[in-house]
Every structure is written in C-alpha cells, then in structure tokens.
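Working notes for the structure below.
The values are calculated or read from the model by the stated rules, or taken from the named source; none is laboratory data. This is a predicted model, so every value here is computed, not measured. Methodologically, a virtual Cβ is constructed for each residue, glycine included, from the backbone with ideal geometry; neighbour enumeration extends over all protein chains shown.
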C-alpha cells in the first residue's frame, strides 16, 4: 500500500490533536494514487514516525481549513478523523517514490504492509453426524483430520447409520488412518522417487496424441510428466476446459458464439497484408468470407490498427482494403509495420488459438475446449462458470489462484498423466512431490534450478550436479556444512539420519520394583 | 511411550550387542535361549531393557 509521511512541528500537532476531528491544510502535493480514506504518518524529528493519521477525505483547497501546516501555499485540505501514537523507525520504511519537491523534502512515498483486513472466516458448522463423530473421537481420545470427519459424516448420512454402527465405522477409520500413516524417519522421498520412477519407464515417449476432442492435441506420457515436474512457465500444449453458466450451457448457439469470441483472431487470419514497394505503402486486403466466418467486422480491424503505436501513419479506406501510408517511409519501416499488423489481435483472448464446443453427454451440457490458455481473462468473461473452469497450465493457476491451487493442480495433472497410461501410482507419492515443489510459497522445479539447487548443505549440492562449481564456491565463501542430511553423511561415511540411523539412544533408569 | 519400528530395532540391536559381549541378562531366560538377539527381544517385550530413545534431538542443541 502506498502512503505518505510528512514532518510537522510539535506545537502545531498538539493543537491539532486537541481539536480532533478537524480539517488540516497541507502545503505539499498528494499523489493521485493515494485515495481517501487512507492512513498517513507524521514524524517530528524526521527519523522516527510518531503518529499515524487517519485521513477521512481530501477536500478541495478552496475550503478553509481550521488549522494548517503552513500559512502559505496550501495544496490540499485533509479531513483528519483520528490520530494514533505509533513507534516506528523510518529505516523500516522503504521509499518507493521520488521526494516530492523542495519544500516537502521530508515527504516520502512509502510502502507499508497494512494490517490485513479482517475477513470473517467462514466456518462451516458441524451437523449432527459430524458432532456425533467428534464426540466418539473425544471419548476414544483419538483424533482424525477435519476432512476425514466430514467424509465419514456425509457417507454415513447416506446409509442412515445408528450410533453403534457409526462408532464401529469410526473405530475402523482410526485403525486405517494409523496404518496408512508413516513412521518418523521413514525414507519417504526415496520410496516416492522409485514409485514414480518405475512406472515412468513404461510411459510412452510419444509426445502427441489425439485426445477424444476433435483436433485438440495434448502432450501426454513422459514428456508431460517432465513438464509438470520442471515447473515450466508454459506447457507445450496448454489447454482449457471451460464450463458454462446455467443459462447458456444447454444452448448450442450461444455457446458457439462465446467460443468464437474466445478464439484470438489476428489480422493475418482474415486479411492479406501486402507491401506495395512502388508506392511505399502497406495494403491490407480483407477477406470477406474469412471475416464472416469469424464474425469480424471491418470496423474491428480498423479499430485495432488505429490502436497501434506506430507514429506518423495515415489510414485510407479503399473498398475492401485499407492502405497505410507513412510520413517518411523506408523499406525497414514498411517491413516492421507489416509484420506488426499481421500479428495484431483483432478480437478474442490472447493466447487462445482455437476453441471447440463439445456436448458432454455425461453431464448433459456444452463445454468449450481450447487450445492455448489464458485463465485470468477467461474467468472474467460473462457466461463462464469460474468454479469449474480448468487449465492445464500450472504456473497460470499459481498466478491466478495461488499456491494451494497450484499444488492441487500438480497432483491432479500428474495423476491424470499416469492414469491415462494405465499406471496407478499412490497419490501420496505425488502429493509429496507437489508439496516439495510448493512448500516455499511458489512453484519450484525439482532439480538443479529448483529444490536440489537450493539445499543448504554444500556437499549435498555437490553430490547432485556440477560438483566442482559448488565446491569452489563454498571454498571461496567459507561455507560450513552441518552434516545433517543424508547425502552429506554418506560422503563423510557416517550413519545417515534415516530409519534406525536417526535414533539416539540414552540410558533409562529402571523403574523401581514395587 | 510407543516406539516406532526403527526405534525398536535400534534398542534391541544395542542390547543384543551388550549381551553378546557378556553383559548380565536382566530376566530369567529359558535354558535353550542362546542367541543374544532372541534374549534382547525377550527383554524388550518384558520392558527390562534400560535403554530408551532421545527424541527431538535438534531441540536440545
């Protein structure tokens, strides 16, 4: 958040505090980005922030303030509601803007972390079944995760279980839960690596495969798995599955229109762009047939060309063509302009190359499949069901919906890839991979550029890849190694901190015999 | 305290080594029990081994 800090003298400030709420004239400009109401800060000595000021409104300077910072040159009148004493050092504040003018040198644009607005947490209360389960767990002095409790409740509701049966179910669940939990110091990473690696050898190497949907191809098999684990910024075949709102999802025509709206159309798709060398102009010859197919009007093309940033160009219309003349033409300029025009987006959403409407029999509604993906723009469209719409671009999910969503996407995508090839890998292995990739708050690749390269131990990094580089750097920087991990201890020849190697024995005083 | 399977293995292993080196056995063992590992297992089941584990060692550093 942006805010301002200004210096004030103590006398005047005391006067102001006594008269709150009041209007206060200030002689410095307030940047436009700052909109009332906002929280500003005041310093008395120029290095410590002493007060936080709650400004309710900025009044025009014609208004006569009750008090003012300076008698002359009033630029804004602030309506101050509340003043709070705070203790903060200016060093903690990072200036982001230039100092504003000479008179107001002490005013900085600063970036502060506003306390997050308190959004009431929506807690889904427990129903009778859930309460009953919690009661049983309490009596047994056991604990189950929230999601498991809710799951048992929703299923037992279906079968209308009585109390005794429910107790049995809970008992079995606890047993199963304990059985499936892993002992501390178990080498889960190695197990996960092998559990994914072995079936991975059976994955196809074929990159392209025609999926059920007409003409949309998707990367599958091993290449896709590598793509997921590498956390690439763009998958080689991004696709989206767009679900639609209730009012249009059963209407084929409306869905087709929406799909056409999605498809990005470049000028080159509906017109020919030619360079006329003799007259030094660029001519755009529109193709009526292609235009009507893609539902694009002449005006749309004109509009798009007008928005281009080239200077000194004039447009003239001539029947079905648009002629662009330059003020001082050169071959290079003509070429650049014609290339720019060819790739100019006339309509649609950037990144989406094709959109195909398909009737989904299992759910009885129309769905749009796309080649290319742009989650943010698609979610903003009207008629799109933003709850179900899906993209296979994990980084895009991360940017639009956050890490947790990205983690789930990694799990879903990798399990989907494996299942398509008829391989069943336990989810927990993939969950571990997804957790490792996302636990730092952003999506990181596995391997040299991601997790493996970020290990704190020098020896562990050296053991992985580019040994000499890491050792040399560690020597130059005087790094030390705590020998906590596995790879380090293997290099040194010590027992590793896994399984029995991680157990530390101590003497136990024998209990006195009674 | 419930031991994990690694802890159990480690305790029995350590105790079996002690017994094999001649440590006095702390429980009454049937005549034909000769293998130190078997003896250590029996001791473990009876809770007679004076060894336990230190958990969360990192918190002690």
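Per-structure values
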| read-out | value |
| --- | --- |
| Selection status of residue A:168, closer than 30 Å to residue A:125 by Cα, in a helix (DSSP H, G or I) and within 14 Å of chain B (Cβ to nearest Cβ) | no |
| Lone qualifier among A:402, A:422, A:351 - being modelled with pLDDT of 85 or more and at positive phi | A:402 |
| Residue identified as farther than 23 Å from residue A:409 by Cα and either at pLDDT below 85 or touching a strand residue (DSSP E or B) at 6+ places or on another chain (Cβ under 9 Å) (or both) among A:220, A:260 | A:260 |
| Candidate set: region A:493-508, residues that are assigned to a loop (DSSP other than H, G, I, E, B) and at the interface with another protein chain (Cβ under 7 Å from one of its Cβ atoms); chosen: the one nearest to residue A:463 (Cα to Cα) | A:503 |
| Search result, residues across region A:177-195 that are loosely packed, with under 11 Cβ neighbours inside 10 Å and either away from chain B (no Cβ under 14 Å) or in contact with a strand residue (DSSP E or B) (Cβ under 7 Å, 6 or more places away or on another chain) (or both) | A:180 |
| Failed item, numbered, when residue A:461 is tested on (1) in a helix (DSSP H, G or I); (2) away from chain B (no Cβ under 14 Å); (3) closer than 30 Å to residue B:8 by Cβ | (3) |
| Some residue of region A:364-373 being in contact (Cβ under 8 Å) with a residue 40 or more places away in the chain, outside the structural domain of residue A:440 (by TED's automatic domain parsing) and surrounded by fewer than 20 Cβ atoms within 10 Å (Cβ to Cβ) | yes |
| Qualifying residue in region B:34-53 (condition: within 14 Å of another protein chain (Cβ to nearest Cβ) and on the phi > 0 side of the Ramachandran plot) | yes |
| Residue that is modelled with pLDDT of 90 or more and assigned to a helix (DSSP H, G or I), where the choices are A:412, A:340 | A:412 |
| Hits in region A:466-492 - residues which are within 14 Å of chain B (Cβ to nearest Cβ) and either in contact with a helix residue (DSSP H, G or I) (Cβ under 7 Å, 6 or more places away or on another chain) or under 18 Å from residue A:188 (Cα atoms) (or both) | A:483, A:484, A:485 |
| Residue list for region B:1-22, restricted to those being more than 13 Å from chain A (Cβ to nearest Cβ) and part of a loop (DSSP other than H, G, I, E, B) | B:21, B:22 |
| Answer residue from region A:144-165, given it is surrounded by 12 or more Cβ atoms within 10 Å (Cβ to Cβ) and assigned to a loop (DSSP other than H, G, I, E, B) and is modelled with the lowest pLDDT among those | A:161 |
| Scope region A:247-289; condition free of Cβ contacts under 8 Å to residues at least 60 places away in the same chain and assigned to a loop (DSSP other than H, G, I, E, B); matching residues | A:277, A:278, A:279, A:280, A:287 |
| Qualifying residue in region A:493-513 (condition: over 23 Å from the mean Cα position of the chain (by Cα), in contact (Cβ under 8 Å) with a residue 60 or more places away in the chain and within 30 Å of residue A:234 (Cβ to Cβ)) | no |
| Verdict on residue A:210 being surrounded by fewer than 18 Cβ atoms within 10 Å (Cβ to Cβ) and at pLDDT below 85 | yes |
| Members of region A:7-42 found to be part of a strand (DSSP E or B) and at pLDDT below 75, listed by number | A:7 |
| Selection status of residue A:80, modelled with pLDDT of 70 or more, surrounded by 14 or more Cβ atoms within 10 Å (Cβ to Cβ) and part of a loop (DSSP other than H, G, I, E, B) | no |
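Conditions (1) in a helix (DSSP H, G or I); (2) within 29 Å of residue A:198 (Cβ to Cβ), marked per residue:
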site: A:408; (1), (2): yes, yes
site: A:423; (1), (2): no, yes
site: A:430; (1), (2): yes, yes
site: A:435; (1), (2): yes, yes
site: A:442; (1), (2): no, no
